[in-house]
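The values are calculated or read from the model by the stated rules, or taken from the named source; none is laboratory data. Because the structure is predicted, anything quoted here is derived from the model rather than measured. Here the Cβ is made from the backbone with ideal geometry for all residues, glycine too, and neighbour counts use every protein chain on show.
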Amino acid sequence: MNQEIAARVAAGQRIVRAAGDLALAYFNTRDQLVVESKGLQDVVSRADREVEDLIRAGIEAAFPGDGVLGEEQGMSAAANADDGLWVADPIDGTACFLAGLPTWCVSLAYIIGRTVEIGLIYVPTDDEFYVSQRGGGATLNGQPIAANPASSVRDGAMGVGFSHRCEVAASLAVIDPLLAAGGMYYNNNSGALMLAYVAAGRLIGYYEPHINAWDCLAGIGLVQEAGGWTNDFLAGDGLSKGNPILATAPGVTEECRRITGI
């Protein structure tokens, strides 16, 4: 199994980098893209679809029969997480992507059952590549990374995400006690990227009242392998319907759990 996972780590990195290169080409010519709305503050373009096509084709070529769950095309036929499943977000942070902001990324995870085996996040605008393999640690551009050594929310900024799938109060209910405790919040409109920042020690934590699997599973793998803590996102119907997410540096876990109620 370890050899099979290692092979997927290597192939996954090639696939994600190629996907990032394609996404960056579209980013640099984004004025030519036709934008469609999928809902309130939820947009998609040809770039999202074609980058996901590339990811799916790469996985099919390298590992025929592997299942894929992607944001744009859903679950591939006969896919089963217990047998191993790739979970892809071709462009996380599409609104930023289309607005010309650099805070977007390509995210790809590989899970078996409810365990994240591989987490891959590539940020083409910064040429930053985050990689994790369960039991093998997490890296950024090949160098080991670790969660922030913070012991209080006062020691750094916490990412706080928001989705219009939830009531506004769900996010505001966290910001007020966070600020009252001396903390600060941060949002760049990419849950995947903010989770990568938790793994790299740039943020002390990340919370969102509801997030989809393709937005967070790669980041969860990174945080866990960087020594951080995450809630059991895949509990219940998390894979298909999403769940709340809380990821923290180890020294602030209990304080963040009190603040968020997770």
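Of the residues in the range 115-149, how many are free of Cβ contacts under 8 Å to residues at least 60 places away in the same chain, farther than 26 Å from CYS96 by Cα and either of a type in the set (Ser, Thr, Tyr) or crowded, with 24+ Cβ neighbours inside 10 Å (or both)?
Adding up the residues that qualify gives 1.
Which ones in the range 72-92 are within 21 Å of ALA235 (Cβ to Cβ) and either in contact with a helix residue (DSSP H, G or I) (Cβ under 9 Å, 6 or more places away or on another chain) or polar (S, T, N, Q) (or both)?
MET75, ASN80, ALA81, GLY84, LEU85, TRP86, VAL87, ASP89
Take residues that are modelled with pLDDT under 95 and in contact with a Pro (Cβ under 8 Å, 6 or more places away or on another chain) and tell me which of the helices (runs of 4 or more DSSP H) falling wholly in the range 146-262 contain 1 or more.
168-180
Name the single residue that is nearest to ASN188 (Cα to Cα) among those in the range 112-138 being assigned to a strand (DSSP E or B) and out of contact with any helix residue (DSSP H, G or I) (no Cβ under 6 Å at 6 or more places or on another chain).
VAL123
Go through the range 87-114 and give me each residue that's without any contact (Cβ under 8 Å) to a residue 60 or more places away in the chain and more than 24 Å from THR29 (Cα to Cα).
Answer for the range 87-114, where residues must be without any contact (Cβ under 8 Å) to a residue 60 or more places away in the chain and more than 24 Å from THR29 (Cα to Cα): ILE112, GLY113.
Taking the conditions exactly as written (in contact (Cβ under 8 Å) with a residue 40 or more places away in the chain, surrounded by fewer than 21 Cβ atoms within 10 Å (Cβ to Cβ) and either closer than 26 Å to GLU52 by Cβ or out of contact with any Phe, Trp or Tyr (no Cβ under 9 Å at 6 or more places or on another chain) (or both)), does ASN188 satisfy them or not?
yes
Sort out which residues of the range 150-171 are over 19 Å from the mean Cα position of the chain (by Cα) and polar (S, T, N, Q), and write them in order of number.
Within the range 150-171, SER151, SER152 meet the criteria.
Does ALA6 fit the bill of being surrounded by fewer than 20 Cβ atoms within 10 Å (Cβ to Cβ) and either modelled with pLDDT of 90 or more or not charged (D, E, K, R) (or both)?
For ALA6, the condition - surrounded by fewer than 20 Cβ atoms within 10 Å (Cβ to Cβ) and either modelled with pLDDT of 90 or more or not charged (D, E, K, R) (or both) - is met.
Kindly indicate whether ALA95 is within 24 Å of ILE5 (Cβ to Cβ), outside any strand (DSSP E or B) and more than 12 Å from the chain's Cα centre (by Cα).
no
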